[in-house]
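Data block below; observations after.
The values are calculated or read from the model by the stated rules, or taken from the named source; none is laboratory data. The structure displayed is predicted, hence computed values, not measured ones. Note: ideal-geometry Cβ built from the backbone for every residue, glycine included; neighbour counts use all protein chains shown.
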Amino acid sequence: MHELETLIEPGSPDAFLLRQLDPNRLPKHVAIIMDGNGRWANRQGKARIAGHPAGVEAVRATVENCARLGIPTLTLYAFSSENWRRPRVEVTMLMRLLHQCLEREVPLLNRHGVRLRFIGRLEGLSAEIRKALDYAVSATAHNQRMTLNVAFNYGGRAEIVDALRSVVREFMGLGRSLDTLTEADVARHLYTDSDPDLLIRTSGEMRLSNFLLWQMAYTEIFVTDTLWPDFNRTHLLEALVAYQRRQRRFGGVETVGVPVSALA
């Protein structure tokens, strides 16, 4: 958090927000539904697809700011399994943009110590995209400062199905009865290593959109009307301040801004 403090102008709104944060109670895992690229482009009088390159700038800034704050895990919802239904020209442009970003952003991720992972049904992607994904994951695998999960060709229900299939195969191999199945068994086979403490959704929509359905059981949700390309450091700090003001009960235990992992 000290690193971010050195970059913020004293007396600015961001400096005021940062002073309100307790560095010992920051969320360990933040997830973001990055929504509003198309609407942002329309408000600018541009074609819908013009919003996606603008959204990339918001991704870069958010990753950098989370790393500087010392947040261990960030999960971004980039492309859902339902997004294939969008116009073909938009999907093609998104795939091209992903490929370009992977080539360009790896040095930045390494500079900030960010390990990149992709979650979703990656077997549904083209060989070219898979090669680019594998390169970026391999090139950042040694980093330990923060883990960046990018949900691509992702669906929350599909993730649960995949986890259950893996559990069944494991149990059959061990000769173990499914009657002994526990929540921990399922959780071990999910795409993510931890549950988000905080979900941020931009553009004002009030839904999960099939994102991390199992993991969101006790996640605090912060919704902002800001469209994703306009999401900046101030909005991130506002979400974190709001998170630390929450009374988190976890079905009975009352806490204030304590990460899920701290109660495990």
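Inspection of segment 124-145 finds a residue satisfying the criterion of being within 27 Å of ALA41 (Cβ to Cβ), at pLDDT below 90 and crowded, with 19+ Cβ neighbours inside 10 Å. Of the residues making up segment 5-38, just one is more than 30 Å from VAL91 (Cα to Cα), surrounded by 20 or more Cβ atoms within 10 Å (Cβ to Cβ) and hydrophobic (A, V, I, L, M, F, W, C), namely LEU26.
So that you can scan it fast, the table gives a plain yes or no per residue for (1) part of a helix (DSSP H, G or I); (2) of a type outside the set (Val, Ile, Thr); (3) more than 16 Å from the chain's Cα centre (by Cα); (4) on the phi > 0 side of the Ramachandran plot:
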residue: ARG115; (1), (2), (3), (4): no, yes, no, no
residue: GLU123; (1), (2), (3), (4): yes, yes, yes, no
residue: ARG130; (1), (2), (3), (4): yes, yes, yes, no
residue: SER138; (1), (2), (3), (4): yes, yes, yes, no
residue: HIS142; (1), (2), (3), (4): no, yes, yes, no
residue: ASN149; (1), (2), (3), (4): no, yes, no, no
residue: SER166; (1), (2), (3), (4): yes, yes, yes, no
residue: ARG169; (1), (2), (3), (4): yes, yes, yes, no
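Given the condition of a type in the set (Gly, Ala, Ser), touching a residue at least 40 places away in the same chain (Cβ under 8 Å) and in contact with a Gly (Cβ under 6 Å, 6 or more places away or on another chain), answer yes or no: does some residue in segment 137-154 qualify? Yes, segment 137-154 contains a residue that is of a type in the set (Gly, Ala, Ser), touching a residue at least 40 places away in the same chain (Cβ under 8 Å) and in contact with a Gly (Cβ under 6 Å, 6 or more places away or on another chain).
Look at (1) assigned to a helix (DSSP H, G or I); (2) under 24 Å from LEU212 (Cβ atoms); (3) touching a helix residue (DSSP H, G or I) at 6+ places or on another chain (Cβ under 8 Å); (4) of a type in the set (Gly, Ala, Ser) and you find that ALA50 fails only one, number (2).
Could you tell me whether segment 58-78 includes any residue that is at pLDDT below 95 and not small (Gly, Ala, Ser)? Within segment 58-78 (the criterion being at pLDDT below 95 and not small (Gly, Ala, Ser)), the answer is no, since none of the residues qualifies.
Pairs under 9 Å by beta carbon, first residue over 15 Å from PRO87 (Cβ atoms) in segment 38-49, partner assigned to a loop (DSSP other than H, G, I, E, B), six or more apart or different chains? That search, which allows pairs on different chains as well, returns ARG39/SER203; ARG39/LEU227; TRP40/LYS46; TRP40/SER203; TRP40/LEU227; ARG43/LEU227.
Annotation for segment 227-241: at least one member residue is at pLDDT 95 or above, out of contact with any Lys or Arg (no Cβ under 9 Å at 6 or more places or on another chain), surrounded by fewer than 22 Cβ atoms within 10 Å (Cβ to Cβ) and not in a helix (DSSP H, G or I). Is it true that ARG68 is outside any loop (DSSP other than H, G, I, E, B), among the basic types (Lys, Arg) and without any contact (Cβ under 8 Å) to a residue 60 or more places away in the chain? Spelling it out, it is not the case that ARG68 is outside any loop (DSSP other than H, G, I, E, B), among the basic types (Lys, Arg) and without any contact (Cβ under 8 Å) to a residue 60 or more places away in the chain. Step by step: first the residues of segment 198-222, then only those that are out of contact with any Leu (no Cβ under 9 Å at 6 or more places or on another chain) and charged (D, E, K, R), then the one that is surrounded by the most Cβ atoms within 10 Å (Cβ to Cβ). Which residue is that? Ranking the candidates gives GLU205 first.
The listed residues are ASP185, ASP179, and the only one of them that is over 19 Å from the mean Cα position of the chain (by Cα), surrounded by 15 or more Cβ atoms within 10 Å (Cβ to Cβ) and not aliphatic (A, V, I, L, M) turns out to be ASP185. Of all residues in segment 217-246, those that are acidic (Asp, Glu) have Cβ atoms under 7 Å from Cβ atoms of residues that are in a helix (DSSP H, G or I), 6 or more apart or on another chain, in GLU220/TYR243; ASP230/TRP40; GLU238/LEU17.
Test VAL168 against the stated conditions and say whether it is of a type in the set (Val, Ile, Thr) and without any contact (Cβ under 8 Å) to a residue 24 or more places away in the chain. Here the answer is yes, as VAL168 does meet what is asked. Set side by side, the residues GLU220, GLU254, GLU159 differ, and just one is farther than 19 Å from GLY70 by Cβ, modelled with pLDDT of 95 or more and among the acidic types (Asp, Glu), which is GLU159.
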